[in-house]
Every structure is written in structure tokens, then in C-alpha cells.
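Student: Encoded as C-alpha cells, here's the structure I'll be asking about.
Just so it is clear, none of the values below were taken in a lab; they were calculated from the coordinates. Since this is a predicted model, take the numbers as computed values, not measurements. We place every Cβ from the backbone using ideal geometry, glycine too, and count neighbours over all the protein chains shown.
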Amino acid sequence: MTPDAPDPDMTAAELALGLLDGEERATALRRVLADPAFAREVEEWRQRLAGLFDDYAEVPAPESVAARLAQLDSSAAPAPGRRARWPIAAMVTAIAAMLALFVVLRPAPPAAVAPHHLMVASLMMSDKSAAVPAMVDMTTGEMRVGGAAMAPAGKTAQLWMIGGDGVPKPMGMLASAGPSRMVLPMEKRRALKAGIMLAVSIEPLGGSPTGLPTGPVVASGKLLIA
Amino acid sequence: MRQPTDPAAARARLTEALVRTGQEDRAALQDVYRLTSAKLFGICLRICGERSAAEDVLHDVYLTIWKRAGAYEPGRASPISWLATIARNRAIDWVRARGARPSHPIEEAAMVADTSPDQREVAERDEESRRLHDCLDALDARARDAIRTAFFDGVTYAELAERKNVPLGTMKSIMRRGLLQLRGCVDDA
């Protein structure tokens, strides 16, 4: 190895392996949100290395775990009506990154964020080119959506929620570049539950003039309990 | 439990159990558990390094599987890789949330080897796994060892450098060059 040559940039592999910590990890996770190509690279590394799982030795699991699982109560029930329509790999990566980012950015210790207080969604672009993570802190109403340039110049990307009544309700405008952050009022927060569809449509600047989506839907995904 | 010996049949069975789990079939979750718990417990034990923690993490892993199975898409990822990734990530989360890990891995962890797979395990590797292993074998010993340790033990750069007793910068160089070479080999094959 040439001592003077700079190291190649292997950040995606390093993140997939779990080598990074602290600020380096936080920076890499932010990059997953902001840069779909980088997010894909991380996922490719996960798949490239998956063959190594073969080499972990099997160890008989204790009976106690099976017994505990057999007593799953209704509080552990999965969200109803979930049917994935997005590439799972992209979704898992996106959600993991979003959760990690959230923990990293918050001053409070991670333990303070109870898992059921987080709702997440992976908004799959209609052309399947990428998945954009979205996350809501149900306690504070803070919502974050990963960066993606969805709207062409002169247009804006608007986020909608579609509940059981099938009527889209506006949630807010997405930033034209970089991640978006918004705070949902209590009444919108109350309407959020697992299985609700989130969608992004392209609208005139300032948002849909009608209160309903008027332009094409460019991304959508279901909300899940994190 | 090491049943179905035919890898394709084993994969089909697990996929089917996982899809049924996604449809909220509790019996199917038990099937997934029966088919995979030894592998996932091996992962948790290896990374956590202690049995009681590994048991808790394993329980948590199957609860996560129960909640997320509906999002598993057959054909996108192999079912066992999907499950193993959850186990590895959960175990790493546990270790990092706790802080330092035991300075000397306990006996059980040492027992969970990552070397000398028996012939049957080698035979069960699919094509992608074989290619990865061939490419790892082609790396120089230090890079191969660094990548394998990072994967199996879920350690950070800092921990890895300490274990291998090399400066952090050197560790990163070995790893990055090794990963670059590995990617070239795997993707070209």
C-alpha cells in the first residue's frame, strides 16, 4: 500500500458495517437522507456483505424466549392493513437512518424517545428510483422528511395524508432542496395512525389552490409505528 | 435445528413462514422462530458477548420481526439475510447503548466461531455468498481479518484498532483499501 495516497472514500461500506460512531456516524446518516445515491450505496454494501451471515455459528436458543414469544399480547400486534409496495431494502435503510438521525439530533437521551411515539414512513418515488424517509414525533408533532428534489422549477412539492375516508388532507410544503421539517398541529397529529397513506404531489408555488392535490403524485408510502 | 438440507427448499419454507407472519399469523411467527432462532441467537450472542443480554436482544428481535414482517418483500432480499440484519443491528444497538463491552469475551462468545465452517455449511452457501468468500480470501490477511472482525463482532473503528493493536489511522487505511478491493472483486465476478 502506498502510504502517501489518500484512502478511498468507503463511507457507505463503513456505515453498513457499523464501523462509524459519534459525529462521523451522524454525518453519514445525514448523508443517507440527503443523497439517494449514497443511500443506495449503503444498501448495496449490506447486500454485498450478507453472505457473511453464513459464517455465524448457530447456537440453540433458550426455551424461555420461545415461551415469551408465545404470549404475544395484543399490544404487540402489528399495524393493520400493511402491504408493502416499496422495495423493502430501501425502506429498512431509510427508516433505520431516519430513526438514527432523529436520535442523533435530539439532545435528550435516546431512551427518552419511546418507540411507540415515533411514526415512520418510506415514501417511494413513483418511478421507484428512491425512497424518501419521513418521520413524526407524536409527542412534539415534529415531522421530518428526507431531502429529495421532487418538484421542477416553478413548482412545489406538497405533502398529504390520506386516512380511512380517502380524502387527502394537506400537511405542508416540502423544501425545494434538502430535508424538510415541520410541526404538525395537534388535530393533524391525532389523525395519524398506522396504515395512513402519505403522498407528495406537485403543486403550484404556495400549494394546491383547491385544498386537494391537483398535480401528479410523485411519492407515497404508508405510515408505520417505529 | 438444522432441517431442510436443500437450501432452495429451506429458503422457500422460511419465505412462506415470514409472509404468513406478515399477515399476522402467530403460528407462522413460531415457525420463523423454529427455523431461524439458532442462527439469530448465534449472532446476538457473538455481538453481545453475554448470554442473558443475548436472550433479551433475541426476544426483541422477534418482536421486531413480528411488527415488520408485513413489509418483507419476497425476492428483494433473502429471508435469512433480512432477519439476520435485524438481529445484528439490534445486538449492535444494545452493545453501544450500554457503553463498553466486556474486555474479555466470555466463554460463550468465544464458542461462537466464525471460522472453519464445516463442509455442509460451505455446500449451503449460495452463489453470491461463495463469491464474497472467494473475494475475501483474495485480500491480504490484515484486510480480510479487519473486515471479518468488523462484521462478526459489530465493532467500531476505535474498538477494532484497539483489538488489533494498530493506530486508528492505520486501521482505517487497511479497512478502506480492503473494502475497495473487495467491491471490485465482488462486482466484477
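Student: At 0.36 nm per residue, minus the direct Cα-Cα distance, what do B:GLU162 and B:ALA8 gain on full extension? Give it in nm, one decimal, please.
Tutor: Gain on extension, B:GLU162 to B:ALA8, equals 51.4 nm.
Student: May I ask you to derive the FRET efficiency for B:GLU16 and A:MET186 from their Cβ-Cβ distance with R0 = 51 Å, giving the value to the nearest 0.05?
Tutor: 0.75
Student: Mind giving me the FRET efficiency for A:ALA175 and B:GLU50? R0 is 30 Å, r the Cβ-Cβ distance, nearest 0.05 is fine.
Tutor: On the way: r = 45 Å, r/R0 = 1.50.
The calculated FRET efficiency here is 0.10.
Student: What is the calculated FRET efficiency for B:ASP187 to A:THR210, with r their C-beta to C-beta distance and R₀ = 45 Å, to the nearest 0.05?
Tutor: Once the sixth-power term is evaluated, E becomes 0.40.
Student: Name the long-range amide H neighbours of A:GLY172: under 5 Å, sequence gap of 5 or more, or other chain; modelled H, no Pro or chain starts.
Tutor: A:LEU159
Student: Under a crude label model (7 Å from the Cα following the beta-carbon direction), how far is A:MET197 from B:GLU128 in nanometres?
Tutor: 3.0 nm
Student: Are there GluC sites (Glu not before Pro) in the stretch A:1-59 that DSSP puts in a loop and that have at most 11 other Cβ atoms within 10 Å, and which ones? Present the calculation step by step, with values, prior to reporting the outcome.
Tutor: Details: sites: A:GLU14, A:GLU23, A:GLU24, A:GLU41, A:GLU43, A:GLU44, A:GLU58; in loops: A:GLU58.
Counting only loop positions with at most 11 other Cβ atoms within 10 Å, none of the GluC sites (Glu not before Pro) in the stretch A:1-59 qualifies.
Student: Compute the label zone of A:SER129 within the stretch A:20-38: residues whose backbone N is under 19 Å from the point 7 Å along Cα-to-Cβ.
Tutor: A:32-38
Student: Are any of the pairs A:LYS188/A:LYS222; A:LYS222/B:LYS67; A:LYS169/B:LYS67; A:LYS169/A:LYS193; A:LYS193/B:LYS39; B:LYS39/B:LYS67 more than 25 Å apart by Cα-Cα distance, and if so, which?
Tutor: The pairs that break the limit, which is 25 Å between Cα atoms, are A:LYS169/B:LYS67; A:LYS193/B:LYS39.
Student: Hey, rough spin-label estimate for B:ASP140 and A:LYS155, points 7 angstrom out along Cα→Cβ, what's it come to in nanometres?
Tutor: Placing both labels 7 Å along Cα→Cβ, they lie 5.3 nm apart.
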